[in-house]
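The next block holds one structure in the form of structure tokens; read it before the comments.
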Amino acid sequence: MAVFCYVAKGVKYWGVDTWKEGKRIRLRGLATKEDAVIALSGESHLAKPRAIRGGFARVPEVEQPRVKKMTVEGAWDLYGPISKRDVDSWEEDWSRSKHLLRLLGERNIESLTLLDIDQYRTQRLTEKTKYRRAPSKATLDHELKLLKRIINYAIRCGLVAGNPIAGVKNLLRPNDNARKVLMPDDVFNHIVAHAVPHLQPILVLLRDTGMRRGEVLGLSWDQVDLERGTIRLGHQDTKTNAGRIVPLTERCVCALGGLDGGGRWVFQNPQTGKPWRNLRASFILACKGAGVEPGINGFVLHDLRRAAITEMRRAGVSEIVTMRISGHKTRSVFERYNIVGEDDLTAAVEKVTARRAMTRGVGQGLVKVN
């Protein structure tokens with residue numbers, strides 16, 4: 001272990017754990033890391049440690065002024081600005097932090113336990129979201145993940161010794177919340193027909209390319225090449241920080257070609273001069289106009305990405321090419337979007353039946369071997 005750090009009664013100390021001449025030497029209570037390094041080198045100016053049973057040694061703890069305990073609120077005050085500076089989804093972090101600060105803000109980080117997290121979850125489940133229902137398991141998992149990031153940042157800053165809730169598990173198991181909804185073409189066309197004008201080309205691009213919503217809304221005209229029928233995404237434009245080229249269908253080219261390219265952004269709000277941001281309200285109106293139920297029990301915008309990926313697979317596009325187009329890095333996440341339905345299973349049996357019909361009689365004349 002050599003040099004190590006620990007916290008005792010809210011105070012941070014350094015120590016040394018090493019072997020010398022077959023004997024374990026362990027020094028504790030050193031004020032700084034530099035003292036521990038000097039002690040490890042054998043040139044310590046500290047008092048000679050006294051031997052104790054088992055070959056251990058210990059020096060008297062160095063008197064240190066007590067440091068202020070780091071609370072969840074204090075750690076968020078440090079992490080919040082960093083999230084806003086570096087994280088694309090910082091607004092979600094700030095929204096989730098309100099619940100953490102309200103219920104756990106005054107708690108000392110190093111005293112947090114599994115019981116505290118369970119009590120937090122129980123309290124949150126008694127509350128109502130803006131959609132007038134209790135928060136989902138996924139929402140509570142996102143809040144826990146944010147709390148872990150806050151604590152980990154405090155650790156990297158040297159303000160906290162460790163993360164006491166690092167081992168707390170999420171409520172959802174992998175793929176528990178994977179949607180299996182696939183939007184049929186006729187339903188999609190009906191929704192587009194009832195959508196407001198600025199939403200229609202956005203829906204077409206989402207449905208035919210499988211791009212993420214943020215990638216579509218953030219498009220600028222210098223990324224679009226209608227002659228070649230491609231969109232070029234830089235590493236700074238994608239969630240995975242990996243650039244890629246997205247081919248466009250004829251329907252996408254027609255939809256983009258009909259837009260006014262006067263501004264910088266492809267999908268620009270004329271009132272703000274910036275890209276459109278919140279499409280949820282207009283998508284709900286389009287669904288209601290088409291007689292389709294919106295929301296978690298019906299259709300959501302993200303279902304269009306799932307439909308695009310599934311259609312590519314059904315059209316015979318290889319998995320690796322589909323992942324390159326959609327921007328998926330891992331197969332595990334990709335499989336959540338590649339929906340295999342009953343029609344796919346039926347089609348598989350039909351292909352097997354057709355192959356047998358084509359090869360019927362090939363085995364005639366063979367001699368059976370006993």
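The values are calculated or read from the model by the stated rules, or taken from the named source; none is laboratory data. Note that this is a predicted model, so its numbers are computed, not measured. Please note: Cβ atoms are built from the backbone with ideal geometry, for glycine as well, and neighbour counts cover all protein chains shown.
Going through 146, 159 one at a time, which residue ends up being in contact (Cβ under 8 Å) with a residue 40 or more places away in the chain and either touching a His at 6+ places or on another chain (Cβ under 6 Å) or closer than 17 Å to residue 69 by Cα (or both)? Walk me through it before giving the result.
Working: 146 fails: either touching a His at 6+ places or on another chain (Cβ under 6 Å) or closer than 17 Å to residue 69 by Cα (or both).
159 is the lone residue from the list that is in contact (Cβ under 8 Å) with a residue 40 or more places away in the chain and either touching a His at 6+ places or on another chain (Cβ under 6 Å) or closer than 17 Å to residue 69 by Cα (or both).
Here residue 130 does not fit the description of being at pLDDT below 95, touching a strand residue (DSSP E or B) at 6+ places or on another chain (Cβ under 6 Å) and in a loop (DSSP other than H, G, I, E, B). For residue 106, the conditions (1) assigned to a helix (DSSP H, G or I); (2) more than 14 Å from residue 149 (Cβ to Cβ) all hold with the exception of (1).
Does residue 212 meet the test of being of a type outside the set (A, V, I, L, M) and surrounded by 19 or more Cβ atoms within 10 Å (Cβ to Cβ)?
Working: of a type outside the set (A, V, I, L, M): yes; surrounded by 19 or more Cβ atoms within 10 Å (Cβ to Cβ): yes.
So residue 212 passes the test.
Please find, within the range 214-229, the residue that is farthest from the chain's Cα centre (by Cα) out of those that are farther than 16 Å from residue 259 by Cα and not acidic (Asp, Glu). Ranking the candidates gives 228 first.
Can you tell which of 317, 253 is part of a helix (DSSP H, G or I), of a type in the set (Val, Ile, Thr), surrounded by 13 or more Cβ atoms within 10 Å (Cβ to Cβ) and over 23 Å from the mean Cα position of the chain (by Cα)? Talk me through it step by step, then tell me what you get.
Details: 317 fails: part of a helix (DSSP H, G or I).
Unique residue meeting the criteria: 253.
For the range 38-50, state whether one or more residues are modelled with pLDDT of 65 or more and touching a Leu at 6+ places or on another chain (Cβ under 7 Å). Yes, the range 38-50 contains at least one residue that is modelled with pLDDT of 65 or more and touching a Leu at 6+ places or on another chain (Cβ under 7 Å).
Within the range 215-245, being surrounded by fewer than 17 Cβ atoms within 10 Å (Cβ to Cβ), closer than 23 Å to residue 279 by Cα and of a type in the set (Ser, Thr, Tyr) holds for 220, 240.
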